[in-house]
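Colleague: Shown below is the structure under consideration.
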Amino acid sequence: MITVSQLLQLKGKPLSIKEEFDLSGLAKSNKEIISISPVFFEGESGVQADIIMIKGTVSGQAELSCSRCLTPFTFLFHLPFSESFHQGIRGDWDDEVEVHQLKDDRIELSPYIEEKIILSLPFIPICKEECLGLCPQCGKNKNLESCECKMEKIDPRWAGLAALFSNEKEVK
């Protein structure tokens, strides 16, 4: 946590920040995350023209579940971090830069770090590019063992006709 009064006392000099965050709650609120290690933030904070800027990197690792084979795998992240804050009424700054308005003398970084991590997660987590996934019939992990299931691809628009022919063969 950063206090604004502490930053203002430095009179424009940057404040070095090294913090560790326990974001294990992300695993409860996000179904893709099985677990997450402690997250580290390293950077600095400074004040320029009444805007408090915090820049640095967020790093750690999360255990995700593969979308194809459901096997857990480690996802490493090392993300750039940059947020700006202002205390009081909105000033005259560039509209392209998002500036968060502060309600008190403290800046809590964890919600912004959580957001960075969630946005960095793959849309469809896959353990490796060549993952074969699970057999849709027997459920075996095809990366670990092969199965003898017959994969007959039938266009769903013709499935009714295929069923009709299979019944006709049984009658004969």
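Each value in this text was obtained by applying a stated rule to the coordinates, not by laboratory testing. Quick caveat, the model's predicted, so the values are computed rather than measured. Backbone-built Cβ (ideal geometry, glycine too); neighbour counts: all protein chains shown.
Colleague: With r defined as the distance between the Cβ atoms of SER65 and ALA163 and R0 fixed at 25 Å, what FRET efficiency is calculated, to the nearest 0.05?
Modeller: On the way: r = 35 Å, r/R0 = 1.40.
Efficiency computed from Cβ-Cβ geometry: 0.10.
Colleague: Under the 0.36 nm per residue contour assumption, what length would be gained going from the current alpha-carbon distance of LYS28 and GLU130 to full extension? The partial results should precede the final answer.
Modeller: Working: separation 102, 0.36 × 102 = 36.72 nm, distance 2.89 nm.
This chain segment gains 33.8 nm when fully extended.
Colleague: Tell me, what is the FRET efficiency for GLU44 and GLN101 to the nearest 0.05, using R0 = 22 angstrom and their Cβ-Cβ distance as r?
Modeller: Numbers: r = 22 Å, r/R0 = 0.98.
It comes to 0.55.
Colleague: Let me ask something else about it. In the structure shown, do any of LYS116/LYS140; LYS28/LYS128; LYS31/LYS128; LYS18/LYS128; LYS18/LYS103 have a Cα-Cα gap over 31 Å, and if so which? Don't jump to the answer; show the numbers that get you there.
Modeller: Details: LYS116/LYS140 35 Å; LYS28/LYS128 24 Å; LYS31/LYS128 19 Å; LYS18/LYS128 33 Å; LYS18/LYS103 23 Å.
Cα-Cα > 31 Å for LYS116/LYS140; LYS18/LYS128; rest within.
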